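To start, the structure itself, in structure tokens.
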Amino acid sequence: MFMKRLNIYIVIVCFIFYWSTTILFVTPKNYVTISLHKQEQFFNTFFFQKWSFFAPPPKYNDRLFFRYESKIDSTKFFLFEVIEPLQRRKSKKAPFNSSEDILDYILSSTIMSISDGLIAVNESINYKISKEDSLNIDVTIKNRIELGKKYIQSLPSFRTLKKYGAFIAEKNNIENIELYSMTIKIIQVGIPKFAFRNSNNQKDLIKIVFESDKISL
Amino acid sequence: MIEKLTSENRFKFYSPYLRVFICLYLFKDIFIMWEFNHIIYESNSFLIPEISPYLNFLKIDIAFIRDYFYLFYSTYILLIILFLLGIGKRITPFLLFWALGIIQTLSWLTLNGGDNMLKFIVLYYVFIDSYSKFSLIKSKQNGNSKISNLLSNLGGYSICFHLCLVYFISSIHKIHADVWFNGVATYYILISERFNGTPLNAQLVESGLFVTVTTYGTILIELAFPFLIWNKQIKFLLIILALCLHLGIAIFMMLYDFQILFIVILGFFITNREWEYFSNKLNKFMRSYKLRLI
């Protein structure tokens, strides 16, 4: 009888512990979660979760370009944009669009991870500036771009895009791919602001997010 | 309180249905992903996987799983079948949770909130006794039924709490974002190419009233649900509102399976007695319909 009661209390204590840690580490960043950063990392190893659906919502549409330039003659190149036709196909085939949906997830998550990576690099430079003497740090935009590029090109997401680039080249019958170098470019086309939704004069708000070095495939 | 949690399995009616649904959902994923296996899971995949804690714990290299992918996939499919048939009550959902963790690591770029939620539901099913129906080996009532009921109820309530947590966290993030705060967020979502589910989207967002009502309505439902769902008087109203929200997201934003999963989870908030009442009503209706047919 005593053992049964003890078991019941052990189960309840475990339950309370699990839910306390879950609530603690799922809430937005705050003093407590930052102080318990190591424990949070351990928690996220098995119980990672993110529930900030559409906060903030997308304010732009992505474009992903693959440019294959001849190593011999730089005026000879092939250019492909892969996001817009994919989204068009996805909308057209809805609700039977699972193939397009999967490809969309792969490409959009990759692009998102690259954008987040660039923000992280920029923030890290700003943090260094606040901690150290800014005169010792190269804070020029050029250096920020170079550091960002270097970091992004080491990410699994970038390597995924690189492999996808090889797939696109093959699909579009680009022969002798070793004679070409590939550049990946990510662009954001802004959605007109709500107040200007009916205005025809709204200019396209185009922003280059990332442009890779020339890569050999 | 403890007496209530140990006296009966409060999710006895609905949990077997959700178990079957989870299995069908996982089979659907396998079916849809099949044509992408070579680019997502196999050794020549163009996805570079993140580090998998589920494999690291077992000291297995991710490349090994990719090399012997179909062997691993067969085991995963077998676990789903065992779970569907109710064989291996607690060990099967635990192994399935682990296998699902590995599958999700391999396909991490294709995941959405539904997949994240699904992983936790499978984990909670380690504790839930859902084997009174659709099971080859039925649940037994023995000396340990008190502890079994307790585990089952805490597992069931964990599913409910998790849905409440999702709504609450989502709503506080939304309040923090300027376009949600200013009542225009649904315009940006519905007009964006990724979530342009119907030709109607563009027309709907022309209406400022529609955008304002849907933006604030979403926040209101997500914020109220975790606190008011426990009130018996308004429980069904909230379930209907949440149902409408998820149906709207599914249709207008093309997030189908993700939303269907959330809709199905809502059934966990309905008690055994309420389900039995609906079931009896439905049976009566079916019988009278059959009679009318004759």
Expected output for region A:162-191 (first residue closer than 17 Å to A:Phe77 by Cα, partner β-branched (Val, Ile, Thr), Cβ below 6 Å, 6+ apart or cross-chain) is A:Ala169/A:Ile177; A:Met182/A:Ile215
Say whether the condition of being in contact with a Pro (Cβ under 6 Å, 6 or more places away or on another chain), outside any helix (DSSP H, G or I), within 8 Å of chain A (Cβ to nearest Cβ) and not charged (D, E, K, R) is met by at least one residue in region B:98-113.
no
Only unsatisfied item for A:Ser74, checking (1) at pLDDT below 90; (2) facing chain B (nearest Cβ under 8 Å), is (2)
So the helices (runs of 4 or more DSSP H) completely within region B:9-57 holding 3 or more residues that are away from every other protein chain (no Cβ under 12 Å) and under 17 Å from the mean Cα position of the chain (by Cα) are B:15-33
Exception for B:Ser152 within (1) part of a loop (DSSP other than H, G, I, E, B); (2) crowded, with 20+ Cβ neighbours inside 10 Å; (3) more than 9 Å from chain A (Cβ to nearest Cβ) falls at (1)
Apart from one, (1) within 30 Å of B:Ser43 (Cβ to Cβ); (2) surrounded by fewer than 14 Cβ atoms within 10 Å (Cβ to Cβ); (3) modelled with pLDDT under 90 all hold for A:Asp133; the odd one out is (1)
Only one of (1) under 30 Å from B:Tyr277 (Cβ atoms); (2) of a type outside the set (Phe, Trp, Tyr); (3) part of a helix (DSSP H, G or I) does not apply to B:Thr75, and that is (1)
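Just checking, does region A:59-71 include any residue being part of a loop (DSSP other than H, G, I, E, B) and hydrophobic (A, V, I, L, M, F, W, C)?
First, the residues of region A:59-71 that are part of a loop (DSSP other than H, G, I, E, B): A:59, A:71.
Retained after the next criterion (residues that are hydrophobic (A, V, I, L, M, F, W, C)): none.
No, region A:59-71 contains no residue that is part of a loop (DSSP other than H, G, I, E, B) and hydrophobic (A, V, I, L, M, F, W, C).
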Checklist entry - Can you spot a residue in region B:126-138 that is surrounded by fewer than 20 Cβ atoms within 10 Å (Cβ to Cβ) and at the interface with another protein chain (Cβ under 8 Å from one of its Cβ atoms)? => result no
Going by what's in this entry, would B:Gly88 be described as outside any helix (DSSP H, G or I), within 26 Å of the chain's Cα centre (by Cα) and modelled with pLDDT of 90 or more?
yes
Flagged pairs (Cβ under 6 angstrom, 6 or more apart or on separate chains; first in region B:50-62, under 12 Å from B:Phe72 (Cβ atoms) and among the β-branched types (Val, Ile, Thr); second in a helix (DSSP H, G or I) and at pLDDT 80 or above) are B:Ile62/B:Leu55
For A:Asn30, the lone unmet condition from (1) touching a helix residue (DSSP H, G or I) at 6+ places or on another chain (Cβ under 6 Å); (2) surrounded by fewer than 16 Cβ atoms within 10 Å (Cβ to Cβ); (3) among the polar types (S, T, N, Q) is (1)
By residue number, the members of region A:196-217 that are modelled with pLDDT of 90 or more and either touching a strand residue (DSSP E or B) at 6+ places or on another chain (Cβ under 7 Å) or more than 24 Å from A:Ser74 (Cβ to Cβ) (or both) are A:Ile206, A:Lys207, A:Ile208, A:Val209, A:Phe210, A:Glu211, A:Ser212, A:Lys214, A:Ile215, A:Ser216
Scanning region A:1-57 for residues that are within 19 Å of B:Leu223 (Cα to Cα) and of a type in the set (Val, Ile, Thr) gives A:Thr22, A:Ile23, A:Val26, A:Thr27
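Residues that are within 13 Å of chain A (Cβ to nearest Cβ) and either in contact with a helix residue (DSSP H, G or I) (Cβ under 9 Å, 6 or more places away or on another chain) or under 29 Å from B:Glu8 (Cα atoms) (or both): does region B:86-95 have at least one?
To start, the set of residues in region B:86-95 that are within 13 Å of chain A (Cβ to nearest Cβ) comprises B:94.
Checking which are either in contact with a helix residue (DSSP H, G or I) (Cβ under 9 Å, 6 or more places away or on another chain) or under 29 Å from B:Glu8 (Cα atoms) (or both) leaves us with B:94.
Within region B:86-95 (the criterion being within 13 Å of chain A (Cβ to nearest Cβ) and either in contact with a helix residue (DSSP H, G or I) (Cβ under 9 Å, 6 or more places away or on another chain) or under 29 Å from B:Glu8 (Cα atoms) (or both)), the answer is yes, since at least one residue qualifies.
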Any residue at all in region B:126-146 that is part of a helix (DSSP H, G or I) and among the β-branched types (Val, Ile, Thr)?
no
Filtering region B:177-199 down to residues that are part of a helix (DSSP H, G or I), at the interface with chain A (Cβ under 7 Å from one of its Cβ atoms) and either free of Cβ contacts under 8 Å to residues at least 40 places away in the same chain or surrounded by fewer than 22 Cβ atoms within 10 Å (Cβ to Cβ) (or both) yields B:Val179, B:Trp180, B:Ala185, B:Tyr187, B:Tyr188, B:Ile191, B:Glu193, B:Arg194
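Test B:Arg66 against the criterion of being in contact (Cβ under 8 Å) with a residue 12 or more places away in the chain, of a type in the set (Lys, Arg), more than 13 Å from every other protein chain (Cβ to nearest Cβ) and under 23 Å from B:Ile40 (Cα atoms), and give yes or no.
For B:Arg66, the condition - in contact (Cβ under 8 Å) with a residue 12 or more places away in the chain, of a type in the set (Lys, Arg), more than 13 Å from every other protein chain (Cβ to nearest Cβ) and under 23 Å from B:Ile40 (Cα atoms) - is met.
The values are calculated or read from the model by the stated rules, or taken from the named source; none is laboratory data. On a predicted model such as this, the values are computed, not experimentally measured, just so you know. So basically every Cβ, Gly included, is an ideal-geometry build from the backbone, and we count neighbours across all protein chains shown.
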